[in-house]
Amino acid sequence: MDIEAHPFRPFLPEEAGVLFLGSFPATPNRWSMDFYYPNFANDFWRIIGLLFFGNPSHFEIRKGADETRNRWDENEIRNFCSQTGIALSDTAAEIRRLKGNASDSALEIISQQDIRALIDRLPCCRAVAATGALASEIVARQFSCVIPPVGGMVCGISPDRGNLAFYRLPSTSRAFPMPLIKKAEFYRKLFLDIGYSV
């Protein structure tokens, strides 16, 4: 099995107040854009659309006369994240796919992203948010802290960054058995806790 390097560079707006961390993107044939959470079946951008615009379809471009398939509006997503202060990366830098997909249980982590180095580039960051079990395990390992329950948080994970908090959020994969509206409430709490208007 081939080793895959992460296809995207970390997206780190200087004013970002939160860094979202997943595990690793789906296989390229599942992408609908060249950016984080590229799989159209993944609900991350629906949750963000629901919280900030009251519409889970806000970032969607639907198949129609001018479109051959459903996809995410990458330009709008990038602009929104830059303006709103949302940083994105993943916890794995290199992986092997044991079953040809991006399921946490089917990823062999070859090397990890240096999360502290990412945080150092985000002077306004108040929270690290792991979107799934594997990402949460890697964050907890790198910061030598406990893994909070889904929806929970640990405060003060980095002594040199004051009250930097680590949130464990439910996975936005459809494989995680929780309705979108319920997942969104966990994400809403994070944003409200760190001072965003949602």
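Derivation of every value follows stated rules applied to the coordinates shown; laboratory data play no part. Since this is a predicted model, take the numbers as computed values, not measurements. Counting neighbours? That spans all protein chains shown, and the Cβs are built from the backbone with ideal geometry, glycine included.
Filtering the range 13-25 to residues that are out of contact with any Cys (no Cβ under 7 Å at 6 or more places or on another chain), surrounded by 18 or more Cβ atoms within 10 Å (Cβ to Cβ) and part of a loop (DSSP other than H, G, I, E, B) leaves Ser23, Phe24, Pro25. Of Asp66, Asp73, Asp34, all but one fail to be more than 30 Å from Ile157 (Cα to Cα), more than 16 Å from the chain's Cα centre (by Cα) and in contact (Cβ under 8 Å) with a residue 12 or more places away in the chain; the exception is Asp73. Would you confirm, using the coordinates I've provided, whether Ala140 is out of contact with any helix residue (DSSP H, G or I) (no Cβ under 9 Å at 6 or more places or on another chain) and in a helix (DSSP H, G or I)? For Ala140, the condition - out of contact with any helix residue (DSSP H, G or I) (no Cβ under 9 Å at 6 or more places or on another chain) and in a helix (DSSP H, G or I) - is met. Whether a residue is over 14 Å from the mean Cα position of the chain (by Cα), hydroxyl-bearing (Ser, Thr, Tyr) and either assigned to a loop (DSSP other than H, G, I, E, B) or within 16 Å of Ser171 (Cβ to Cβ) (or both) was assessed, and Ser57 passes this test. Across the range 171-191, the qualifying residues are those that are among the aliphatic types (A, V, I, L, M), in contact with a helix residue (DSSP H, G or I) (Cβ under 8 Å, 6 or more places away or on another chain) and surrounded by fewer than 18 Cβ atoms within 10 Å (Cβ to Cβ), and the one among them that is nearest to Ser23 (Cα to Cα) is Leu180.
When each of Arg46, Arg9 is tested for being within 15 Å of the chain's Cα centre (by Cα), outside any loop (DSSP other than H, G, I, E, B) and not aromatic (Phe, Trp, Tyr), the lone residue that passes is Arg46.
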